[in-house]
Structures are given as structure tokens and as C-alpha cells.
Amino acid sequence: MAQTGIATFAAKTEFDDDVCVSGNTVLVGNLAVGGTATIAGAVSLASTLSVGGAAHFASTVTIAGNTTLTGTLGVGGAANFASTVTIAGNTTLTGTLGVGGIATFAAKAEFDDDVCVSGNTVLVGNLAVGGTTTITGAVSLASTLSVGGAANFASTVTIAGANVQAANAKVCASAYYGDGSNITGIVADVGGNICVGNISVVGNAYVSGTSQFVSKVEFDDDVCVSGNTILVGNLAVGGTATIGGAVSIAGALSVGGAANFLSTVTVVGKAEFDDDVCVSGNTVLVGNLTVGGTTTIAGAVVWQVLLV
């Protein structure tokens, strides 16, 4: 039967075989398809698309507006997002994630396995490492380095700054700092000043410049000074002081105990004795002798007078 005009069905219409429409089809009401719907051409939906089951797209899907996924999103191939992607819930990636641009994490980011960064890494905030940190390249610190535990340096340590401060310092073969201050080698070169709280040197210590000690210094063994020694303050010696060369004292000399002179004593200025003076040998007075008190001579007196 051929129909050349408009056919109007006022009631339900059923077709028990294929229906072929060569022109446009306009459905004013709802379209319910009980089987598979195959559309060979483009599909344009002016309103919302609701899919109750699975939706399979054999080719590219382009969504110009916002897309909200309330359930799980499974992507078997590559996913390209030309703009911002906002995911309000948890996201689990079991495969490789490739980000061509900048990735910004507004909250805490946790990586349960190794993290490999091929380019430069800039950390604006603090870096806290719970395990061992291994750096195969050079390390440059623009600010202060604070080490709470032991620090092991397998090679030479060069400090170009003017000040190094530490509570306890240990330097061994090349440079090793740890607890308890011990220096067992000579291999730490510091270009500027070094300030250390407590330091114990087990081996030899060589200082090519001036050493200044602002507090008390104790030596528990012999001290040998090859050059001149200048003491600006007082010198207190608890034991015997033996001086092999000449002694020059610019100020007053006060001796609290006995003074033994094994050779000649020359006093250029006036000499005063506030107590008895005992001379076991001969006494020669080249100048005048003035005695303010009684003079007692137990032996013979020989006067040699030079008459002019």
C-alpha cells in the first residue's frame, strides 16, 4: 500500500516487521526501543541524555559542556582532557598517568611507591623525609642546614662561608660529623671561622693561622711552643717552672716562696729586702754601704782603703 499524504494514527500502531523511513522522522512523544538501536548517521540531542545501562562508543566522544560522573569511570585507552578536570571524589589509577602540563595538588599527595622526576624539582614548602635520602648529584643549599642526627660525608667537605657553628663536631677520614666531638684526621678545610661547642682532638691538630680562645683552655699533657709566647694576663703555675733561656720581666716580680738562683743575679735597679738577708759566700759591694741600724760582724773585718 502506497501512502502519498500524511498518515495519522489516532491509536496505538504496531509494525511486526522492519519499518523504513526515507525522510526525516519527528517523534513528538517519547521513544522507547526494546531492542538494539543502531544509528548510522549523526545523533543530535537537544536535551538531556539518560542512559540506564552501559554505553559503548566505538569512536571519539566530544562533550562541549560540563560532564558530571556520579559513578565509576573506566577508561580502557588514552584519555585526553584539553581543559581543567575537577574530580570531587577519590581517584584510583592502576596504570600509567602521563601529564603533559602542570599538575597541581591542593591537598596532601601520597605516593606509596617510588617517585621518579626526570626534570628539576622545586619545593616551595618544607621537605620532610622519613627514610634515607640518596642524592647522586651536587647539592646546593641557599639557606641554613640543620642536622638533628648523625651526618656522614664520604668525601671532602668544603665550606666557603665565614662561619660554621655546631654543638658537637666529629671529623675523620675525609669529613665525618657525628655525636661526641672527635677529630681523628686532618681533612676538613674551612675557609672562614669555625665555632664549635666542645671539641676533642685524638690525633694531631695543625693550625696555620691565629687561634683565639675566649674562654678557659686546659691542657692535660705537655705543651710545646716553638715560637714566642706572649701572655697578656696573669701567669699562674701550679708546679715547677723550668726556663732554659733568659727571662725578661718588664713589671714587678713577686715570689711567695723560696727563690733559688744557681748562677749570677744582676739587679740593674734598686733592690730592697724587707726581711733578713743571708749570704753564705763572699759579698762584694762595689758602691757605698749605708746601714740604718746596728751592724754585727761575727768574724774578722778587712778594710781595703784606696788612698788618692
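Figures for the structure shown
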item	result
One residue from 301, 247, 255, 265 being more than 30 Å from residue 228 (Cβ to Cβ), without any contact (Cβ under 8 Å) to a residue 60 or more places away in the chain and exposed (fewer than 10 other Cβ atoms within 10 Å of the Cβ)	301
Qualifying position, being modelled with pLDDT of 85 or more and assigned to a loop (DSSP other than H, G, I, E, B), among 173, 128, 142	128
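The values are calculated or read from the model by the stated rules, or taken from the named source; none is laboratory data. Note that this is a predicted model, so its numbers are computed, not measured. All Cβ positions, glycine included, derive from the backbone under ideal geometry; neighbour counts span all protein chains shown.
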